[in-house]
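K.L.:
Got a structure for you, written out below as structure tokens; questions coming shortly.
The values are calculated or read from the model by the stated rules, or taken from the named source; none is laboratory data. The structure displayed is predicted, hence computed values, not measured ones. Virtual Cβ from ideal backbone geometry, glycine too; neighbours counted across all protein chains shown. Only protein heavy atoms, including side chains, enter the accessible area calculation; ligands, DNA and RNA are left aside. Shrake-Rupley method; radii C 1.70, N 1.55, O 1.52, S 1.80 Å.
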Amino acid sequence: MSGFPMRSSHHLGVDLATQVRGRSGSGVDNLSSPSCPQILQSKLCIVTVGLPARGKTYIAMKLARYLRWIGIDTKVFNVGNYRRKMFGAYQPHNFYHPDNKEGVDKRTECAMKALGDVINYLNLENGQVAVFDATNTTRERRRLIAQKCQDSLVEVFYIEMICDDKELIAENVKAVKLTSPDYEGIDDDEAIADFSQRLKNYETAYEPLDEGYDRDRSWVKLADVNQTIMANQILNHLQSRLVYFLMNLHIKKRNIYICRHGESEFNVQGRVGGDSDLSERGKEVSNGRKNM
């Protein structure tokens, strides 16, 4: 990674157990799970930010899976699913143009319905973390989210995905977008052309998280497939763990080889079990595998 600048935040190399810092007067009791006591100081809404086809939903699902694995009740709220349910799956690219007032109003309605369910999940259904999975590319949308969460005593943590790798974006479009319900029954070439224009519409109104404008918010920015990571206002133990998890997350396809060890000394002797050293032939095999 080429950089990891942090502002008013904890250094990830220190003992995470000492990093829990509450906010006085929040009115929210400390939360804990059997495996991670006192990991949460309040209910948390993770808000994704970024243009389409940047891997937001992939990361949202990975985060939710990780948090549930460490004992934290987590649920993903995908605004695209709300849009499909409320207004139908396919919407032409001009539906997403920032000058299309009807489209903006409908998309805002979907986002607020999803956000209302986020608040209910956290405050009425004993949820601990919600992931609000959407583009959230404008400051006004993020302001609305922050205000509603603040009114409900829910903290907000933004995760922005930035990617200028055209090859990776094209790969993501083909692998995910063309198989999504949005383009079911539509010719691939037509779907790619429509989605490409949809991307341009989003780019027109995109306002990235800014070190100056958003200096008082908690966020992490992932650029160019985790080549650069920036984090701001990392205030507690859970946020530190989230940043660390994201630093080590791979979003590109890669091969994982699982193989048995080479011949061991016990193998030569015909013995079963134990934990002996490799034989000379086993070492040769081991050295050969690292060059695969």
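K.L.:
When both residues are 6+ apart or on different chains and their Cβ atoms are under 6 Å apart, which pairs have a first residue that lies in segment 58-74 and is of a type outside the set (D, E, K, R), and a second that is assigned to a helix (DSSP H, G or I) and open to solvent by 10 Å² or more (accessible area, probe 1.4 Å)?
P.N.:
66/245; 74/68
K.L.:
Would segment 100-109 turn up any residue that is open to solvent by 60 Å² or more (accessible area, probe 1.4 Å), of a type outside the set (D, E, K, R) and at pLDDT 95 or above?
P.N.:
For segment 100-109, residues open to solvent by 60 Å² or more (accessible area, probe 1.4 Å), of a type outside the set (D, E, K, R) and at pLDDT 95 or above: absent.
K.L.:
For residue 219, only one of the following conditions fails: (1) more than 14 Å from the chain's Cα centre (by Cα); (2) at pLDDT 85 or above; (3) among the aromatic types (Phe, Trp, Tyr). What is its number?
P.N.:
The one condition residue 219 does not meet is (1).
K.L.:
Let me ask something else. Test of understanding: among 134, 146, 130, which residue is surrounded by 15 or more Cβ atoms within 10 Å (Cβ to Cβ) and either in contact with an Asp or Glu (Cβ under 9 Å, 6 or more places away or on another chain) or farther than 27 Å from residue 201 by Cβ (or both)?
P.N.:
Result of the check over 134, 146, 130: 130.
K.L.:
Which condition number in (1) without any contact (Cβ under 8 Å) to a residue 12 or more places away in the chain; (2) within 16 Å of the chain's Cα centre (by Cα) is the one that residue 212 fails?
P.N.:
For residue 212, the exception is condition (2).
K.L.:
Checking the condition out of contact with any His (no Cβ under 9 Å at 6 or more places or on another chain), without any contact (Cβ under 8 Å) to a residue 60 or more places away in the chain and either of a type in the set (Val, Ile, Thr) or more than 30 Å from residue 99 (Cα to Cα) (or both), which residue from 232, 291 passes?
P.N.:
291
Let's see how each residue does on (1) without any contact (Cβ under 8 Å) to a residue 12 or more places away in the chain; (2) touching a Cys at 6+ places or on another chain (Cβ under 6 Å); (3) on the phi < 0 side of the Ramachandran plot:
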{"residue": "151", "(1), (2), (3)": "yes, no, yes"}
{"residue": "154", "(1), (2), (3)": "no, yes, yes"}
{"residue": "160", "(1), (2), (3)": "no, no, yes"}
{"residue": "163", "(1), (2), (3)": "no, no, yes"}
{"residue": "172", "(1), (2), (3)": "no, no, yes"}
{"residue": "176", "(1), (2), (3)": "no, no, yes"}
{"residue": "182", "(1), (2), (3)": "no, no, yes"}
{"residue": "186", "(1), (2), (3)": "no, no, yes"}
{"residue": "193", "(1), (2), (3)": "yes, no, yes"}
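K.L.:
For segment 173-198, enumerate the residues that are in a helix (DSSP H, G or I) and open to solvent by less than 40 Å² (accessible area, probe 1.4 Å).
P.N.:
Hits for segment 173-198 are 173, 178, 182, 183, 191, 194, 195, 198.
K.L.:
Out of the residues in segment 241-292 that are at pLDDT 90 or above and among the basic types (Lys, Arg), which is least open to solvent (accessible area, probe 1.4 Å)?
P.N.:
Looking at the filtered set, the residue picked out is 241.
K.L.:
If you don't mind, there's one more thing I want to ask. Quick one: in segment 112-127, which of the residues that are surrounded by 19 or more Cβ atoms within 10 Å (Cβ to Cβ) and of a type in the set (A, V, I, L, M, F, W, C) is farthest from residue 79 (Cα to Cα)?
P.N.:
Once the filter is applied, the top-ranked residue is 122.
K.L.:
Moving to a separate point now. Do the conditions hold for residue 205, that is, is it within 26 Å of residue 100 (Cβ to Cβ) and surrounded by 14 or more Cβ atoms within 10 Å (Cβ to Cβ)?
P.N.:
Spelling it out, residue 205 is indeed within 26 Å of residue 100 (Cβ to Cβ) and surrounded by 14 or more Cβ atoms within 10 Å (Cβ to Cβ).
K.L.:
crowded, with 21+ Cβ neighbours inside 10 Å and within 28 Å of residue 171 (Cα to Cα): which single residue out of 65, 54 fits that description?
P.N.:
54
K.L.:
Hey, another quick one. For segment 224-233, indicate whether the set of residues that are over 20 Å from the mean Cα position of the chain (by Cα), open to solvent by 20 Å² or more (accessible area, probe 1.4 Å) and of a type in the set (Val, Ile, Thr) is non-empty.
P.N.:
no
K.L.:
Another one. Quick one: residue 139 ticks every box in (1) in contact (Cβ under 8 Å) with a residue 60 or more places away in the chain; (2) charged (D, E, K, R); (3) farther than 21 Å from residue 109 by Cβ bar one, so which box is it?
P.N.:
So the condition that residue 139 fails would be (3).
K.L.:
Here's something else I'd like to know. Hey, residue 10 hits all of (1) surrounded by fewer than 18 Cβ atoms within 10 Å (Cβ to Cβ); (2) modelled with pLDDT under 95; (3) not small (Gly, Ala, Ser) but one; which does it fall short on?
P.N.:
(1)
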